[in-house]
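Enquirer: This is the structure, below, for whatever I ask next.
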Amino acid sequence: MQEFYKKALLALIVLLLVDALVAVVFVYRTYPTQTLLPVQNGSSRWHYGTYSDVATGGASSVRLHDMSRDRLRFDFKLKDAAAYPFAAADLTFRDDKGRPILQDWSRFRTITFVAKCAPATSVTFEMSTFDEKISKPGQFETYRPPRTYFSCNEQGMPVTLDLARLLVPEWWFPAMKLDLARQGYELDKVAKILFGTSMATPRNVDGYIEISELTLHGRDYRYLAALAVIVLGGWVAFGVWFFLAHSRALLASVDTKMKTNLPLVAYRQLTLEPYKDKEKASVLRYIASTYTDPKLDLEAVAAGTGANRYKINEVLKSELGMTFTAYVNKLRLTEASRLLTQKSSAAVSEIAYLVGYSNVPYFNKLFKEEFGCTPKSFRMLAAQQPEQEQPADNAGAETPV
């Protein structure tokens, strides 16, 4: 059984290590991130663009400050020539061939970045999301434009926006002839994102807006569910393996014990080969014929054989390497194992009394220490063994020396 427990411990350690590794991977995937700025190698290319109120008769100006892969920065100056002056810059997603593509952000919940601007103001953040029912490819004015606002200053401010809580502006609905109540939008087809001025932005002054460290953050609980299934499946498999392997190991251990104890103790010592030392033979014969007596002790053996206590212990130590108590228990438990296999209808308590134990719990304790299982389990395990030649019923009878 020791070998089995070593294997079980090793399997348990391996299972725990595998679970820990899988947990790290799956928990990491549960909270996915995607860096948009700075642009990562192998990611979709950005197309930087600018917008202003010039298209509607205004005179505001906007100019990209640079085309850096690390940030988006544009300079602007709003003028009052238009009723609603504005200036903005956007990032359009493109593939390697420069064609506009849609991004699936459905697994992301928030977007974070660092915003700098001068003068300090409120800035617009807007997405263009493709709606298959109303949007026309490439015509961004037909895409749903959910947006929100955030504050920034010249020192730079970290910003976190909830992508699921943006609002589509009211003016867009009558332009698209849609019901104002249809506020919903999806994040599975994002075409571009835009940063621009707002109604609070100062007019007729030079300004700039700079966005850096642009990152998406998400939560994908499917990985946690998969982790739970994998971990649970692993432990169930381990439990089934442990139960079956433990049963096989216990069965083999019981079989070994029976094969060892029966010939070594029950038969070899009970049949007793002739001894020249009559006192020694007398001691062994007496114990072999009376070990089922619950009252058997050293005093009873001494009285029955005429040998003193020292001689009795010397005989058992030299012949068997056991103490008196250990040898008597070995005889009783070995006989109990034989009776458990042969008397299937007898109760455990009955067998305990037959072999000399008046205290059944004490018998159960000793039996488990000897065979590694309870008497009931032993009986079930023994029943699974192939039929073998059983020791004779009179194996415990006295044989003349």
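Values in this text are rule-based calculations from the coordinates and carry no lab data. In this text the structure is predicted, and so the values were computed from the model without any measurement. Note that each Cβ is placed from the backbone with ideal geometry, even for glycine, and that neighbours are counted across all protein chains shown.
Enquirer: Please give the length that would be gained between Tyr31 and Ala81 if that part of the chain were fully extended, namely 0.36 nm times their separation in residues minus their C-alpha to C-alpha distance (nm, one decimal).
Expert: 13.3 nm
Enquirer: Going toward the positive end of the dipole of the chain, with +1 on Lys and Arg Cβ and -1 on Asp and Glu Cβ, which of Tyr48, Thr305, Ile13 do you reach last?
Expert: The listed residue farthest towards the positive side: Thr305.
Enquirer: Using alpha-carbon positions, what is the distance between the centroids of segment 295-356 and segment 96-160, in Å?
Expert: Between the Cα centres of segment 295-356 and segment 96-160 lies a distance of 88 Å.
Enquirer: Straight distance only, please: which lysines reach the Cα of Lys136 with their own Cα at less than 24 Å, same-chain residues fewer than 8 apart left out?
Expert: Candidates past the 8-residue exclusion: Lys97, Lys177, Lys189, Lys192.
Enquirer: Then there's this: In debye to the nearest 20, how big a dipole does the chain give about its Cα centre with +1 on each Lys and Arg Cβ and -1 on each Asp and Glu Cβ?
Expert: Here the chain has a charge dipole of around 240 debye.
Enquirer: A further question follows. Using the Cα centre of segment 33-219 as the reference point, and only Cβ charges (+1 on K/R, -1 on D/E), how large is the resulting charge dipole? Debye, rounded to the nearest 20.
Expert: In total the dipole reaches around 260 debye.
Enquirer: Can I ask one more? How large is ³J(HN,Hα) for each residue in segment 149-154, as worked out from phi by the Karplus curve 6.51 cos²θ - 1.76 cosθ + 1.60 (θ = phi - 60°), to whole Hz, x for Gly and Pro?
Expert: Values per residue, Gly and Pro as x: 10, 8, 9, 8, 8, 6 Hz.
Enquirer: Determine which lysines satisfy two conditions relative to Lys311: a Cα distance under 25 Å, and not lying fewer than 8 residues away in the same chain.
Expert: Partners found: Lys276, Lys278, Lys280, Lys295, Lys330.
Enquirer: Okay, moving on. Placing +1 on the Cβ of each Lys and Arg and -1 on the Cβ of each Asp and Glu in the chain, which of Leu194, Pro119, Gly57 has its Cα farthest towards the positive end of the resulting dipole?
Expert: Of Leu194, Pro119, Gly57, it is Leu194.
Enquirer: So if R0 is 41 Å, what FRET efficiency would Ala237 and Ser344 give, r being the distance between their Cβ atoms, rounded to the nearest 0.05?
Expert: E between Ala237 and Ser344, to the nearest 0.05, is 0.75.
Enquirer: Using the basic label-point model (7 angstrom from Cα toward the beta carbon), what is the Phe4 to Lys278 distance in nanometres?
Expert: My value for the distance between the label points is 5.0 nm.
Enquirer: Order of Glu210, Glu279, Glu370, Glu132 from fewest to most other C-beta atoms within 10 Å?
Expert: Ordered by Cβ neighbours within 10 Å, fewest first: Glu132, Glu279, Glu370, Glu210.
Enquirer: Quick check: residue separation of Asp96 and Val14 times 0.36 nm, minus the Cα distance between them. What number comes out in nm?
Expert: Between Asp96 and Val14, full extension yields 25.1 nm more.
Enquirer: Once the Cβ-Cβ distance between Arg222 and Leu21 is put in as r, and R0 is 22 Å, what FRET efficiency do you end up with, to the nearest 0.05?
Expert: FRET efficiency, Arg222 to Leu21: 0.70.
Enquirer: Another question about this same structure. Figure the gain on full extension for Asn308 and Lys376 (residue separation times 0.36 nm, minus the Cα-Cα span) and round it to one decimal in nm.
Expert: Stretched fully, the Asn308-Lys376 segment lengthens by 20.6 nm.
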